[in-house]
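Notes follow the structure.
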Amino acid sequence: MHVDIQLPLGRTTAIQRLRAQGFCVLTPSAVETLTGQPIEHFDDMLPYWDDLAADQHLKDGGHYRYRRHGCFIQSLDPPQLEAVPHRMHWQPTTYNALHGGMERWFEPLATGLVLLPAWSALLFDLGALFAKVRAPADGRWYIEAHPFRIDTEGGVGRPTPEGAHRDGVDFVAVVFVGREGVRGGETRIFEADGPDGVRFTLHEPWTALLLDDERVIHESTPILPDDANAPGWRDTLVLTYRAGGFQSPGEAATTI
């Protein structure tokens, strides 16, 4: 597997890399080009990461994760992005052995965040890009949005306590928002059906890691504080795109 994280990617190159290797990394300038939004518009989102709610569902007993959750339906033709009423987040144990099979309710996304132009542009334009790789049969993506903060107040923070995994969707975007006073948090991507993998660390805000969830598994390593007496955290926005509907307890837990 091969990764070039220093090269700004255009839409065509990103599609080619997703098709060839199952993932790619968009630099902030590539995100600007994709969405037509300058980076300073994305910076308008930053205050909302200071207002995330504690994750009450961590089964490892930790208190290091803060998040909110929202769901959207994207119609590709005609183009439309619609927020849906607040709902649970659910995954089968097939994909999440630690937290699967649970109806997890999180605090909803802040209204002000969802109304920002950069927010809707990011969700919609990523969905349009993913549709060029593998389009949903009915022309709709079912999107779940998860802003995360992982902190080191307890000494260690775990971005992916479930370990290397797939999400049970079609595509995943991990948008790096920022980090402060921490080390670790290395991104690792592996072939779902092979031995190869890559590892790198995201450092530049508004870099976007795009994953074909059918083809690769992913994880982020724990973070540790640079200074045990100072706060430290790592912020991301995780967006998942799924054809056919949101994951729910009533559907068969089959592997994609």
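Observations on the structure shown:
- For the chain, the relative contact order works out to 25 percent when only alpha carbon pairs closer than 8 Å and six or more residues apart are counted.
- A protection proxy built from the mean count of other Cβ atoms within 10 Å ranks the segments 122-129, 111-118, 31-38, most packed first, as 122-129, 31-38, 111-118.
- Net charge, Trp206 excluded, C-beta distance under 10 Å - Lys, Arg +1, Asp, Glu -1: -3
- Likely footprinting exposure, Ser248, Ser75, fewest C-beta neighbours within 10 Å first: Ser248, Ser75
- Rounded if a/c under 1.5, otherwise prolate or oblate - the stretch 132-244, Cα gyration tensor axes: prolate
- For the chain, the square roots a ≥ b ≥ c of the C-alpha gyration tensor eigenvalues yield an a/c under 1.5, which makes the shape rounded.
- Distance in nm between pseudo-label sites at Glu40 and Ala192 (7 Å out along the Cβ direction from Cα): 4.2
- Sequence-distant contacts, meaning Cα pairs under 8 Å at least 6 residues apart, place the relative contact order of the stretch 119-241 at 40 percent.
- Taking the Cα centre of the chain as origin and assigning +1 to Lys and Arg Cβ atoms and -1 to Asp and Glu Cβ atoms, the resulting dipole is close to 440 debye.
All of the numbers you see were taken from the coordinates with simple rules; none came from a lab. Just so we're clear, the structure is a prediction, and the values are computed from it rather than from any experiment. Cβ atoms come from the backbone with ideal geometry, glycine included; neighbour counts cover every protein chain shown.
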